[in-house]
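Comments concern the structure below.
The values are calculated or read from the model by the stated rules, or taken from the named source; none is laboratory data. Worth saying up front: this structure is predicted, and the values here are computed from it rather than measured. Please note: Cβ atoms are built from the backbone with ideal geometry, for glycine as well, and neighbour counts cover all protein chains shown. Just so you know, the surface numbers come from the protein's heavy atoms only, side chains and all, with ligands and any DNA or RNA stripped out. Shrake-Rupley method; radii C 1.70, N 1.55, O 1.52, S 1.80 Å.
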Amino acid sequence: MTATALTAREFRNALGQFATGVTVVTVEREPGSVFGMTANAFTSVSLNPMLILICVDERAKILPLLHKKKRFGISVLKQGQQAVSEYFAQAEQNSEAEHRLGLRYRWTPEGVPILEDTVVQLSCSVVAAHAAGDHTIVVGEVEDAEIHGGEPLLFYRGEYRHIARQ
Ligand SMILES: Cc1cc2nc3c(=O)[nH]c(=O)nc-3n(C[C@H](O)[C@H](O)[C@H](O)COP(=O)(O)O)c2cc1C
């Protein structure tokens, strides 16, 4: 099959064969309030300096906040946190829903909100943003990382999975 014959559905199916973890990108929306977005397009980029990237849909509500605040958190979800992933994949976010889901944040001294009770938590500053098709590649320099452990939630072929030992 040539690239021109590829449909959007086939493209998504093809990329869905690549298993990923699931992260929540968090940013301060207003003083003391958080906006988050579920993202599996998360990759390590560089060791020195310590860089990661996330790919953010150009229509995503979090994008202007990332440009404005220039700092964000990334938390890798744990096995069993599908509801958290789904919550941050929709636009309507409010404190009652967060309370029901038992979500808690901690704030870094730089004012970055980080989602607690997750496998690993990074705080980053935005060092570059590159438009790429209908997404923006946001490059973050990692300022701090806390490993809390536990098994990660996986995303594969459009479904949530969990790790099993061989
Ligand atoms: C498992 C999963 C992974 C996702 N990964 C990304 C991603 O890497 N980048 C992205 O822009 N949106 C991703 N999304 C979609 C966003 O979470 C969100 O639904 C979308 O950006 C709409 O956001 P809005 O409410 O701000 O318009 C993902 C959704 C799910 C459920």
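Could you say which residue among 79, 17 is surrounded by 15 or more Cβ atoms within 10 Å (Cβ to Cβ) and more than 11 Å from the ligand (Cβ to nearest atom)? Answer to the check: 79.
Might you check whether a residue that is part of a strand (DSSP E or B), open to solvent by less than 50 Å² (accessible area, probe 1.4 Å) and within 24 Å of residue 18 (Cβ to Cβ) occurs anywhere in region 87-94? Give the derivation first.
Within region 87-94, the subset part of a strand (DSSP E or B) is none.
Checked against the condition, which is being part of a strand (DSSP E or B), open to solvent by less than 50 Å² (accessible area, probe 1.4 Å) and within 24 Å of residue 18 (Cβ to Cβ), region 87-94 yields no hits at all.
Can you spot a residue in region 61-68 that is open to solvent by less than 40 Å² (accessible area, probe 1.4 Å), of a type outside the set (Val, Ile, Thr), more than 15 Å from the chain's Cα centre (by Cα) and within 15 Å of the ligand (Cβ to nearest atom)? No. Against the list (1) within 17 Å of the chain's Cα centre (by Cα); (2) over 20 Å from residue 60 (Cβ atoms); (3) open to solvent by 50 Å² or more (accessible area, probe 1.4 Å), the condition residue 99 fails is (1).
Of all positions in region 143-156, none carries a residue that is touching a Pro at 6+ places or on another chain (Cβ under 7 Å) and open to solvent by less than 80 Å² (accessible area, probe 1.4 Å).
Tell me yes or no: at least one residue of region 115-122 is crowded, with 17+ Cβ neighbours inside 10 Å, within 14 Å of the ligand (Cβ to nearest atom) and closer than 23 Å to residue 31 by Cβ. So far as region 115-122 goes, yes, one or more of its residues are crowded, with 17+ Cβ neighbours inside 10 Å, within 14 Å of the ligand (Cβ to nearest atom) and closer than 23 Å to residue 31 by Cβ.
Right, residue 79: closer than 23 Å to residue 133 by Cα and over 12 Å from the mean Cα position of the chain (by Cα) or not? Write out each step before concluding.
Details: closer than 23 Å to residue 133 by Cα: no; over 12 Å from the mean Cα position of the chain (by Cα): yes.
In short, no.
Kindly provide the set of residues from region 104-121 that are over 21 Å from residue 60 (Cα atoms) and of a type outside the set (Ser, Thr, Tyr), ordered by number. Within region 104-121, 104, 106, 107, 109, 110, 111, 116, 117, 119, 120, 121 qualify.
Output the residue which, of all residues in region 32-60 that are of a type in the set (Gly, Ala, Ser) and near the ligand (Cβ under 6 Å from one of its atoms), is farthest from the chain's Cα centre (by Cα). This residue is 60.
Of the residues making up region 120-142, just one is without any contact (Cβ under 8 Å) to a residue 40 or more places away in the chain and among the aliphatic types (A, V, I, L, M), namely 128.
Within region 65-88, residues that are within 24 Å of residue 126 (Cα to Cα) reach partners that are among the charged types (D, E, K, R) with beta carbons closer than 7 Å, at six or more positions or on different chains, in the pairs 65/29; 69/28; 71/110.
Among the strands (runs of 3 or more DSSP E) contained in region 101-165, which hold 1 or more residues that are among the acidic types (Asp, Glu)? Lay out the reasoning, then the answer.
Working: elements: 105-107, 113-115, 120-132, 135-147, 153-156, 159-162.
Answer list for region 101-165: 135-147, 159-162.
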